[in-house]
């Protein structure tokens, strides 16, 4: 019997968290699943844990390779897929036990090539980020995919129909680099004729110090190349004109987020790289009314990063100061001041015109870059 879903788990030096992930996978309420664990050259006890679980559960297939990064590990699993649908998780997070059951049911009833769903943050301010209920829960038009392309790029927020994934060669970016799932997410989203939305949170994300995403250095410069590769893919698939505006916005937004996450000693070089990468289409977009839906802070960043001489440097430094103050306010250092300002200037932020009430920057940081330390998942008896 064909498995309903294949779950792919890239594994690299996560022995501290791996049992939590595996327990949440093997105890899914939908039992007809295939589990592919790709050991990416782990040097700790991760492989031994995988072998322990595989000895007890015949649904688990272990594939081993030399360390090549998360993207390469996921790609290694593709030829082994047997399930009707495919889902990619990370080995240091965990799933709600009804994830497979709910996603399969939604995919079958809609006939969609992909099912997108929500993430549960498990930090002290735990909550679930949901889609705007006023927008369709079944999407096909390019205009209906805008928020999916901007904010839901993490691979663990979606399940794909396997034949669609494989026939369109929708693969991950290889190499030991962050953002290895962004290209795959964009390609799948723009090529899908129908995407179903499940407005529930099933994925529990945690922060893990030492991961590629949390080690913020010049390796994150790769985000410039990543967005350039996405532009080339859009042209190759003849979908560029359909998604041009959202692509140009996402391009600069991702660069801006990276700029402010970098340590100060890397920012000047990264700003130079951004200026060199901006082309005539970028300038036309950010100088016209086409960018009216983009957050004001991104428009300000464009003005600063393209500024010449001392004036441009001063604008960037002012934006850096503003970003620093914002982080301090959110971290609680200025909690009393923040409460006073909130009383004076109450504001309800929306995640673009199509998502819930968490800010775009906060959600994207959590969904695409951060891992939240949470409680251990429920263990089945």
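Computed quantities for the displayed model
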{"quantity": "Calculated SAXS-style log₁₀ I(q)/I(0) at q = 0.09, 0.12, 0.21 Å⁻¹ - the stretch 151-309, Debye, Cα scatterers", "calculated": "-0.33, -0.59, -1.52"}
{"quantity": "Descending semi-axes in whole angstrom, ellipsoid equivalent of the stretch 1-89, from the Cα gyration tensor", "calculated": "20, 15, 10"}
{"quantity": "Virtual spin-label span in nm between residue 140 and residue 48, 7 Å along Cα→Cβ", "calculated": "5.4 nm"}
{"quantity": "Stretch gain in nm, segment residue 297-residue 163, where the contour uses 0.36 nm per residue and the Cα spacing is subtracted", "calculated": "44.2 nm"}
{"quantity": "Coarse-grained scattering of the stretch 44-94 at q = 0.24 Å⁻¹, given as base-10 log I(q)/I(0) from a Debye sum over alpha-carbon atoms", "calculated": "-1.28"}
{"quantity": "Two-decimal Rg to Rh for the stretch 267-330 - Kirkwood Rh, Cα set", "calculated": "0.99"}
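Computed from the coordinates by the stated procedures, all read-outs in this text should not be read as laboratory data. Computed from a predicted model, the values in this text were never measured in an experiment. Virtual Cβ from ideal backbone geometry, glycine too; neighbours counted across all protein chains shown.
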